[in-house]
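Engineer: There's a structure below that I have some questions on.
The values are calculated or read from the model by the stated rules, or taken from the named source; none is laboratory data. What you see is a predicted model; the values in this text were computed from it and never measured. Neighbour counts are summed over all protein chains in view; Cβ atoms, including those assigned to glycine, are modelled from backbone coordinates with ideal geometry. Heads up: the accessible areas ignore ligands, DNA and RNA and are worked out on the full protein's heavy atoms, side chains in. Shrake-Rupley method; radii C 1.70, N 1.55, O 1.52, S 1.80 Å.
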Amino acid sequence: MAEKRNIFLVGPMGAGKSTIGRQLAQLLNMEFIDSDNEIEQRAGADISWIFDIEGEAGFRKREARVINELTQKQGIVLSTGGGSIVSKETRNHLSARGIVIYLQTTVDKQFERTQRDKKRPLLQGVDDTRQVLEELAKIRNPLYEEIADITLPTDEQSAKLMASHIVELIDNFNG
């Protein structure tokens, strides 16, 4: 790849965006950034705390600002938060400024991967996690699809294999 285009990973929580993103950045010798980590660093607090204090709306405003800024960089692999695509503005920034890869996963796999994770504010204190995941999927999956240049199911592959596959696809995409 002569020019290093930005690569943006979108998809629901538990799809493997951060894990695959790190592998991908390493393979391509690009900088990896996780938008959630970036928000936490800038706020000096974790996402759960931001949700508690500012609510989801406050968190989404921060997220939109951070993603707008990060997508203006060159040659990065960016893992976005699962809900970042709810913002039309964020979807526009992602589609206009890089290759968007939608990492698709089933609700069953999400449930399995997020079950013991205490860093998912939308899943804390809910009676039926699976139902929450299903409701989020109904709203968000069409938005991921709307901006995706490439869509890949992540349920059956290791992060390393997924990253290698993405490199091939991007070479063809740029080809």
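Engineer: Between 0 and 90 degrees, rounded to the nearest ten: what's the tilt of helix 159-174 against the longest Cα principal axis of the chain?
Structural biologist: The helix 159-174 is inclined about 50 degrees to the chain.
Engineer: Same structure, new question: On the protein heavy atoms, probe 1.4 angstrom, tell me the percent of accessible surface of the range 1-99 carried by carbon and sulfur.
Structural biologist: 45 percent
Engineer: Roughly how many nanometres apart are two label points built 7 Å out from the Cα toward the Cβ at Glu89 and Ala159?
Structural biologist: The two pseudo-label positions are separated by 3.1 nm.
Engineer: Using only Cα atoms, find the angle between the long axis of helix 88-97 and the longest principal axis of the chain, and express it within 0 to 90 degrees, rounded to the nearest 10.
Structural biologist: 20 degrees
Engineer: How much length, in nm to one decimal, is gained on full extension between Glu168 and Arg22, taken as 0.36 nm per residue of separation minus their Cα-Cα distance?
Structural biologist: That works out to 50.9 nm of additional length.
Engineer: Follow-up. Given 0.36 nm per residue, what is the gain on full extension from Thr151 to Lys138 after removing their alpha carbon distance, in nm? Walk me through the numbers before you get to the answer.
Structural biologist: Numbers: separation 13, 0.36 × 13 = 4.68 nm, distance 1.68 nm.
So the extension gain works out to 3.0 nm.
Engineer: Per residue, how many Å² of accessible area does the range 6-168 show with a 1.4 Å probe? Walk me through the intermediate numbers first.
Structural biologist: Details: 8040 Å² over 163 residues.
Counting only protein heavy atoms, the per-residue value for the range 6-168 is 49 Å².
Engineer: Once both labels are modelled 7 Å past Cα along the beta-carbon direction, what's the Asn37-Glu112 spacing in nm?
Structural biologist: Inter-label distance under the simple model: 2.6 nm.
Engineer: Where does helix 47-70 land angle-wise versus the long Cα axis of the chain, in degrees 0 to 90, nearest 10?
Structural biologist: So the inclination is approximately 20 degrees.
Engineer: Now for a separate question. Using 0.36 nm times the number of residues separating Ala96 and Glu69, minus their current alpha carbon distance, what extension gain do you get?
Structural biologist: Full extension from Ala96 to Glu69 adds 8.4 nm.
Engineer: Which of Gly14, Gly58, Gly98 ends up with the largest GNM mean-square fluctuation for the chain, with Cα atoms connected below 10 Å?
Structural biologist: Taking springs between Cα atoms under 10 Å, the residue moving most is Gly58.
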